[in-house]
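Please treat every number below as a calculation from the coordinates, not as lab data. Quick caveat: nothing in here was measured; it's all calculated off a predicted structure. Ideal geometry is used to build each Cβ from the backbone, glycine not excepted, and the neighbour counts take in all protein chains shown.
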Amino acid sequence: MDSGFAILARRLILAVPTFIVVSLLVFVVLRLLPADPVAMSLPPNATRAELAAARHDMGLDRPIPVQYAIWLGQVARGDLGTSIQSRRKVADLIVEALPTTLELVASGLALGIALGVGFGLAMFAWRGTAAEHAADLASIAVMSLPEFLWAILLILGLGVGLGWLPFIGRIDPQMRVAPVTGLLLVDTLVAGKVAAFLSALAHLTLPALSLALALAPLIMRVLRASLYDTYAEDYITLARLRGLGERRILLRHALKNAALPTVSLIGVQAGFMFGGTLLVEVIYTLPGLGNLMVQALRSHDLPLIQGIALVYCVLVLAINTTVDIAYLGLNPRLRRA
Amino acid sequence: MLAPALDRMLREPRVVAGGALMLALLLVALFAPALAPHPPNAQDILHALLPPAWEPGGDPRFPLGTDSLGRCVLSRVIYGARVAMQVAVLAALGAALLGSTLALIAGYCGGWPDWCVSRAVDVWMSFPPVVLSLILMVGFGAGLDNVILAIIVVDWTRFCRVMRAEVLTVARRDYVAAARLAGFTHAQIVLKELLPAVAPLLLTLVSIEMGIAVVVEAILSFVGLSVEPSVPAWGVMIADARPTMYEAATGLVVPVVAIFAAVLAANLLGDGLRRSLDPRLAQRLSVVR
């Protein structure tokens, strides 16, 4: 069995080739483009010579391996290039958009884990009853709607229909908050503006719920399955013989041991959740990384697509590493060696 | 040997319900020209944004109303099933073929083939699949074939990861060793001993993947990176109906319900197959999605 450090070290060493393969894949695929992104970015009356000059400026007239090597060299020096559409630095655009997405993913994860673990425990406590069966079928139904359809249905139901919650942007447009971290929930509190904090929280609720509803049923089902496995172990019978209450056995004894598969599921799904933010951000007009990526994809903005793809790679890596650490905390067998 | 398994499958209500719903959708897709009251792209600007026929102001010629260009919502959702079902079936089969072939090679051979396949899966898993499929579509360009190809290229790992683990366990069983001692070739062992043993898992995965493929196609067509603009697809309908969702919600709700029905059918079928074919798979499978 590997020791904890070995696992983390392996993860980080593997990250380098992973990043190179993913970026190479993205780079080559984008060079298959039937449309010419440079032509799209110039005014329609641009001459052939101007087009050639623009392509030369961006280095797009060189062979693909050379372009890739140049790009990789620039990335290593922290330069992600310039957006074809907006003519702004890709790194600046990403830094502006990132906090919105991080805030969204963090709250979506928190909400999804809370709902998933809560209902997973409830479902297990109801085992063998009609309620478990109903919850099981309900979880399949909830699972059958992807994030972006939840986003639309929540807007139709809670936003437009009942008028409970706002669904455009991150905060009431009349409110101004000095950016510190870019995370509005933090910045509003730092500035001591309670009304602005509540507005930001209300604006975050529906998009976060859209992401959470896609995650919760998976957690719920995996947690229930591993609780069933755990309850087959002798120490649960022993705890019962010692006269411990059912609630105590479930929460104090079984849950910690049954949590491992759920933690690895959350790790995989948290990475996938960045995919879910793309359309959720478009639908709720949030100025995040996902929205930026959709715009970049639609306008074939190569440097921007590559830059954001790279950031997704790093984010997924960061999440996987965090989950590995959580795993070590929960599983002492991995720590010993 | 197959009859008892089939019998168990058909006694599982989820298999029957999911299978019937999926079959109904396939039939709708197949007979779309006969079922749809109008051609899917026929515009009737004078009758734009009609409510469904049963509401005041509705027109019985447009049972589910019309969109902002006066196109029949019912006809478009029926034709949209063609894109969805073609993608569901072909992408799921393609990803299954690629993913499980690599899984069989990796799990059976071990050594460097296993190392290569496992590292490839690791690389793929380190990137959000939706983003990868969007990037692929930017490179490939619009079209049904390209959508199917993009989904196969992204989702083969869902099969490979789970199937490889299963192949590894099965390959260690005594009867496989016995087959080897009996002088079976490697190809015979893989095809006659390993493949049947992992078939129930494969069947379940294919059915779940059909739902995932429908969702991915809807996401791609919502963004405008799927089929050609003239082809009606459910994601396109949702994107088209979004600006007018406050006046005419049906145009939005109908394709959402269609996607939900397709994914629910796939999930029920997958869950039912898992339960009826191998109860022990519960945990590993639920991690797949």
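The charge dipole of the stretch A:98-299, taken about the Cα centre with unit charges on the Cβ atoms of Lys, Arg (+1) and Asp, Glu (-1), comes to about 360 debye, rounded to the nearest 20. Remark: chain A is approximated by an ellipsoid whose semi-axes, taken from the C-alpha gyration tensor as √(5λ), come to 43, 27, 18 Å, largest first. According to the Kirkwood relation over distinct C-alpha pairs, the hydrodynamic radius of the stretch A:38-132 is 18.1 Å. Only Lys, Arg, Asp and Glu carry charge here, each on its Cβ (+1 for the first two, -1 for the last two); on that basis chain B has a dipole of about 940 debye about its Cα centre. Screening chain A for whole DSSP H helices with an alpha carbon extent of at least 15 angstrom along the helix axis and a mean Kyte-Doolittle hydropathy of at least 0.0 yields A:4-30, A:64-76, A:90-125, A:130-143, A:194-230, A:255-283, A:302-330.
In the stretch A:209-286, Rg over Rh equals 1.19, where Rg is the alpha-carbon radius of gyration and Rh the Kirkwood radius from pairwise Cα distances. Comparing mean-square fluctuations of B:Leu269, B:Leu64, B:Leu23 from a GNM of chain B with C-alpha springs under 10 Å, the top value falls on B:Leu23. Here the Karplus relation 6.51 cos²θ - 1.76 cosθ + 1.60, evaluated at θ = phi - 60°, turns the backbone of the stretch A:180-192 into coupling constants of 10, 9, x, 7, 4, 4, 7, 4, 5, 5, 4, 6, x Hz, with x for every Gly and Pro. Springs between alpha-carbon atoms under 10 Å, Gaussian network over chain B: tell me which of B:Ala179, B:Ala84, B:Ala36 tops the mean-square fluctuations. Largest GNM mean-square fluctuation: B:Ala179. For the residues B:Gln188, B:Gln43, B:Gln86, a GNM of chain B with alpha-carbon springs under 10 Å puts the largest fluctuation on B:Gln188. What separates the Cα centres of the stretch B:33-59 and the stretch B:179-217 is a distance of 45 Å. Placing R0 at 25 angstrom, the Cβ-Cβ distance between A:Ala125 and A:Asn257 gives a FRET efficiency of 0.90 after rounding to 0.05.
Quote the charge dipole size of the protein assembly as shown about the Cα centre in Debye, to the nearest 20; the model charges only the Cβ of Lys and Arg (+1) and of Asp and Glu (-1).
It comes to approximately 1680 debye.
Suppose R0 equals 30 Å; then what is the FRET efficiency for A:Leu33 and B:Leu69 from their Cβ-Cβ distance, rounded to the nearest 0.05? After rounding to 0.05, the efficiency reads 0.50. Over every Cα atom in chain B, the radius of gyration and the widest Cα-Cα span, Dmax, amount to 21.9, 77 Å.
Could you run the Debye sum over the Cα atoms of the stretch A:113-197, one equal point scatterer each and no solvent, and tell me log10 of I(q)/I(0) at q = 0.18, 0.24 Å⁻¹, two decimals? Log10 of I(q)/I(0), two decimals: -0.92, -1.08.
From least to most packed, judged by other beta carbons within 10 angstrom and beginning with the fewest, B:His186, A:His300 follow the order B:His186, A:His300. The calculated FRET efficiency for the pair A:Ala110 and A:Ile325, based on their C-beta separation and a Förster distance of 25 Å, comes to about 0.90. Temperature 4 °C, viscosity 1.567 mPa s: under these conditions the Stokes-Einstein estimate for the stretch A:98-299, based on its Kirkwood radius over C-alpha pairs, is 70 µm² per second.
Approximating the spin labels as points 7 Å out from Cα along Cα→Cβ, the A:Leu165-to-A:Leu201 distance works out to 1.3 nm. If you take the Cα atoms of the stretch B:132-209, find Rg, then find the Kirkwood Rh from the mean of 1/r over all pairs, what is Rg/Rh? So for the stretch B:132-209, dividing Rg by the Kirkwood Rh gives 1.17. Amide H to amide H distances under 5 Å link B:Thr66 with B:Leu49, B:Leu50, B:Val73, where only residues 5 or more positions off or on other chains count and H is placed in the peptide plane. Among the helices of chain B, those built from whole DSSP H runs whose Cα atoms reach 15 Å or more along their own axis and whose mean Kyte-Doolittle hydropathy is at least 0.0 are B:13-30, B:73-109, B:111-125, B:129-140, B:144-171, B:195-223, B:250-277. Measuring how big the stretch B:54-139 is from its alpha-carbon positions, Rg and Dmax come out at 21.9, 69 Å.
Placing unit charges on the Cβ atoms of the charged side chains and taking the dipole of the protein assembly as shown about its Cα centre, the candidate lying farthest along the positive direction among B:Phe222, A:Ser199, A:Val222 is A:Val222.
Quick one: B:Val16, B:Val190, A:Val90, fewest Cβ neighbours within 10 Å first, how do they rank?
B:Val16, B:Val190, A:Val90
Sorted ascending by nearby beta carbons within 10 Å, beginning with the fewest, B:Tyr108, A:Tyr235 become A:Tyr235, B:Tyr108.
For the protein assembly as shown, what is the convex hull (Cα atoms) projected area averaged across all directions, in square nanometres?
Convex hull of Cα atoms, orientation-averaged projection: 34.4 nm².
When all C-alpha to C-alpha distances in the stretch B:138-289 are sorted into bins of 5 Å, what percent of pairs does each bin hold, rounded to whole numbers? It works out to 2, 8, 15, 15, 14, 12, 11, 8, 6, 4, 3, 1, 1, 0, 0, in whole percents.
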